[in-house]
Every structure is written in C-alpha cells, then in structure tokens.
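For reference, the structure discussed in these notes is given below.
FYI, it's all coordinate maths here, none of it is from the lab. Note that this is a predicted model, so its numbers are computed, not measured. We place every Cβ from the backbone using ideal geometry, glycine too, and count neighbours over all the protein chains shown.
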C-alpha cells in the first residue's frame, strides 16, 4: 500500500528527521529498484532524455557507494542494494545507449558526451537558494525553443560538427542563456547550459559579457539566481495546483538544482509528490499531460520516458543528500 507508506514516511521525517533518514533511504531504494526493472524491460524504447536521466542516476549511485558511512553497520544492507543497482543500471544502459545510436543517430551524436556517467558531477557541498534573487517580474511564455537550446549546448560540447571545437559561446547563446525573467523550461535549460559548460571544462562561458550591471556576476552566481527562481516556481506550482501540466517541470527543477548543490530542493513533501507518480507495478513514472516535449515517447501504461528519467535521477539526488545528512549514531525507526 504505497499511499499508506508515504503518509507514514512523512510523519516519521517530520517528527524524527535525523533518525528517519534511513527509512527515507529504504523508500528511495525500493522506488529505484522498480525504476531499474522498467529500464531493463524497456531499454529499446527510452528516448535520449530518459537515458540521460538514468545515466545521472548511475553517477549518483556510484557516488553513494563510494561515500557510504562505513561506520554504520545498520545501513550496510542498503549499500549492498545500491551496489546491485549500479550493476543493473550499467548493463541496461549499455544496451539503451547502443539502441539510441541506431534509432536516433543525429541526436545521439549531438549529445553523446552526456551519455556517460563520468560527465556528470555529484555535489559534495551544499548551499541554499536566496528568495531575494527572485525576479520582480517575468515572462509568462518561454524565452526560446528547444531547438535553439540544443544548438547552444552542442556548441559547448563540441558536437555541432564532426571534430568540432568545444566551448564555443556565441553572443546569441550567451545573451539567451543569461537572460533574466525566463520561466519554466527556458529557466531550467539556462541552468543546464551552465552545468554542461562547467562539466565540459568551459571556463569562459561569460567571456564577452558587456552588460555593466552584471560585470561581477560569476557562473555560480547565475546558477544561484536561476535556482532561486526555480524554487519560487516550484512553490507556486504547489500553491496553485500540482497538475499534469506542471509535474514534469517541478521534478526537473528538483533534479537540476539538486545536482547543482542546492539542498533546499530536497524537501520530504516534494519527495512524496515524485513517488506518487510511479506506477508500482511497471516501475515507470506516468504523466497524462498535454505538453509533449520534442522527441518524447509516451510508452505503454501511460509511461513517460522523459519523466521517468527525470524522476529517477531526482531520487538519486535525494539519496545522496540524505546519506550526507543522516545521523548514524541513532538506530533507525521501522515503517512496519
């Protein structure tokens, strides 16, 4: 009875935040095992965005195994489960990536660097967002489309042509990716652009910035501005309605800002919203929504390829955060 488990989980973490972290980890690992089983069955049908989500999860799980508290024998079985998950993901992702290479060769070539876990960095230090950085006003419509975003990212990656030079930042891309007031996916892709640039080793994303009002802003400060506004966006979503039209961006914001090291995105009640979207039998995450991202694949049983990849990698972020926060001097409570 997953609904009952979620209610008990929320009560435990609310009343005993330190001692309950191990129960949270149990719930997360159970969800991730189901997600891994879904990938094993559907690796031929997962789109590139979904596969990238699973690869980010692979990086997060490898970091979890490396950093697991060795002085805590009570959680050692959880680490064993995580080790098993890493192995299962490795086998399935090898097949999924090969499938992408054959079925969508152009998109695969453009984003091939993202399709290895070593590309992604997992945070070791945490910070929080700042509400004073929230835009006083903003657009209600997206600032640009996915094609433009993809083009700017391939220029960073060096995949814009065969043997292309990486870390190219055109004026259009710099202006687009540093524009304030953007909402929704434009905002999350602005953050992703800076994260990809950082992971690719591009040290001069802001070179050529001529706006005097921003002359002292660093790439990390841009990330904080974006995540502060993504935090506001998530808060607004929950206040208005957590609907089929907002679920995907809500979880994508948790994934990206969590991966950027902003710990206040790992709220336990937000975790519940993610877990409720998982099909307990199939293991995927479902979303009957109107907006369909380019190259999205809606699979059998209402499974969303994109949302599943985003959700499992967001859960991997929760796992690493709770591992760093759990109080290993206390015995865990039990959900049963």
Principal-axis tilt of helix 146-157 within the chain, Cα atoms, nearest 10 degrees: 90
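Starting from 0.36 nm per residue, how many nanometres of slack lie between residue 301 and residue 279 once their C-alpha separation is accounted for?
Details: separation 22, 0.36 × 22 = 7.92 nm, distance 0.86 nm.
Gain on extension, residue 301 to residue 279, equals 7.1 nm.
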Pairwise centroid distance, computed over Cα atoms, of region 248-265 with region 56-90, Å: 21
In nm, spacing of pseudo-spin labels at residue 151 and residue 30 (7 Å Cα→C-beta vector): 4.8
Normalised contact order of the chain, rounded percent, pairs of Cα under 8 Å and 6 or more residues apart: 31
Within region 250-285, backbone nitrogen closer than 13 Å to the virtual label 7 Å beyond the Cα of residue 77 toward Cβ: none
Length-normalised contact order for region 93-247 - Cα pairs under 8 Å, 6+ apart - percent: 26
Computed Kirkwood radius, in angstrom, where 1/r is averaged over Cα pairs of region 60-209: 18.2
In degrees, nearest ten, helix 2-15 long axis to first principal axis of the chain (Cα): 90
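With N denoting the number of residues in region 129-260, provide Rg(C-alpha) divided by 2.2 N^0.38 Å, to two decimal places.
Numbers: Rg = 14.8 Å, N = 132, 2.2 N^0.38 = 14.1 Å.
Dividing the Cα radius of gyration by 2.2 N^0.38 Å gives 1.05.
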Between 0 and 90°, nearest 10: helix 48-67 axis offset from the chain longest Cα axis: 60
FRET efficiency, 1/(1 + (r/R0)^6) with R0 45 Å, evaluated for residue 65 and residue 171 via beta carbons: 0.55
Taking 143, 167 and counting other C-beta atoms within 10 Å, the order from fewest to most: 167, 143
Fluctuation leader among 48, 259, 277 - the chain, Gaussian network, Cα springs under 10 angstrom: 277
Residue-span extension gain [residue 219 to residue 236] - 0.36 nm each, minus C-alpha spacing: 3.5 nm
